[in-house]
Structures are given as structure tokens and as C-alpha cells.
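The values are calculated or read from the model by the stated rules, or taken from the named source; none is laboratory data. Please read these numbers as outputs of a predicted model, since none were measured by experiment. Cβ placement follows ideal geometry from the backbone for every residue including glycine, while neighbour counts extend to all protein chains displayed.
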Amino acid sequence: MSTIEKDSVVELHYTVKDHDGETLESSRENGALHYLHGHNNLIPGLENALAGRKAGDTFMVDIVADEAYGQRNETMVHTVDIESFAHIEDLSVGMRLQGQTDQGVVAFMVTDITDGKVTVDANHPLAGMDLKFDVDVVSVREASAEEIEHGHVHGPGGHHH
Ligand code: ZN
């Protein structure tokens with residue numbers, strides 16, 4: 001298989017920047033991203049931009065917030081008493097934590113600590129942002145039946161189980 005289509009396993013490098021061109025994150029620091037195409041494993045704008053590409057392709061794509069991490073939702077910002085965090089050592093602004101809620105485990109970030117109150121934000125850190133991706137497609141292969149069944153990649157860069 002040479003081009004990216006449903007059930008391709010894709011290895012890629014990406015750098016994501018905000019609309020001012022400031023780098024937010026890059027796979028070049030943490031190792032290539034491996035994903036199974038067509039299973040909602042990536043943000044929609046990036047997955048759409050990858051369809052039909054092949055190994056060796058390099059491209060840039062602008063992705064609006066709605067096709068990236070969605071709009072911010074202010075109901076996902078909460079202010080709680082600092083006593084709720086008594087078990088956390090060195091609580092500080094910018095710290096990322098996980099909490100059990102009615103919706104399961106939710107990741108959030110501490111955004112403010114004032115007068116014994118802590119503000120936490122469960123929005124994705126890139127929610128509400130228009131993004132620019134700079135992508136290198138490293139390799140493309142066909143997924144195994146087991147990978148398709150699980151909906152994710154096995155082996156290097158994927159799940160080991
Ligand atoms: Zn699996």
C-alpha cells in the first residue's frame with residue numbers, strides 16, 4: 001500500500017505551531033507518531049490532510065479550531081477550595097492533574113491559585129486555537145487484522161499488549 005487510506009498505519013513527524021508561528025509541540029523531540037488512519041485517532045483536520053499522502057511527503061496545513069481540538073468550553077473551568085488539593089505536594093499554576101468525575105478520569109490544568117481558591121481548567125490546552133502543522137510522512141503500511149480490530153497501532157510507537 002503506498003498511499004494513506006482507511007486502515008493504513010502511518011508513521012509521521014509533526015511540528016504544531018499557533019497562528020503566530022510559535023512552536024507548541026513537536027514529535028521531533030519525543031519520537032515519531034504512529035497512528036491507525038480512519039479510526040478517529042487524530043484531530044479531524046490533520047487526518048483529512050493526511051489522506052492520500054505517501055511516505056516521503058512533506059506538507060504544511062492550517063487547521064481551524066473546529067477541525068483541531070474544538071472551541072473552549074467555559075463550563076469546564078472550575079474554582080474549588082484549596083483543601084481539595086491537600087494531598088498534592090507543591091501545588092502550582094501550570095500543574096497538570098487527573099481527577100475522577102461522573103464522566104470518568106478527566107485531565108485538567110491548574111490555572112490560578114488565589115486566596116485559598118484553586119481554578120482548574122479541563123479544556124484541552126490547544127482548545128480554541130487555530131493551528132499550523134508541519135508534517136513529514138515517514139512510512140505507511142497496511143494494518144494487521146488485530147490492529148484494525150483494536151483500533152490502534154501495535155509494535156513500535158504503538159500499544160504493547
Ligand atoms: Zn491493541
The one condition in (1) on the phi < 0 side of the Ramachandran plot; (2) surrounded by 14 or more Cβ atoms within 10 Å (Cβ to Cβ) that Gly128 fails to fulfil: (1)
Residue within segment 142-157 that is at pLDDT below 95 and under 21 Å from Val16 (Cα atoms) present: yes
Options Gly157, Gly104, Gly94: the member that is within 21 Å of the chain's Cα centre (by Cα), of a type in the set (Gly, Ala, Ser) and within 16 Å of the ligand (Cβ to nearest atom): Gly157
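Residue-wise test of (1) more than 16 Å from the ligand (Cβ to nearest atom); (2) basic (Lys, Arg); (3) part of a strand (DSSP E or B).
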{"site": "Thr79", "(1), (2), (3)": "yes, no, yes"}
{"site": "Glu83", "(1), (2), (3)": "yes, no, no"}
{"site": "Gln98", "(1), (2), (3)": "yes, no, yes"}
{"site": "Thr119", "(1), (2), (3)": "yes, no, yes"}
{"site": "Glu147", "(1), (2), (3)": "no, no, no"}
Qualifying residue in segment 132-145 (condition: surrounded by 11 or more Cβ atoms within 10 Å (Cβ to Cβ), assigned to a loop (DSSP other than H, G, I, E, B) and either of a type outside the set (Phe, Trp, Tyr) or within 16 Å of the ligand (Cβ to nearest atom) (or both)): yes
Matching residues, segment 14-31, being in contact (Cβ under 8 Å) with a residue 12 or more places away in the chain, surrounded by fewer than 17 Cβ atoms within 10 Å (Cβ to Cβ) and within 22 Å of Glu147 (Cβ to Cβ): Gly31
Single unsatisfied condition, Gln103 versus (1) closer than 28 Å to Leu33 by Cα; (2) surrounded by 10 or more Cβ atoms within 10 Å (Cβ to Cβ): (2)
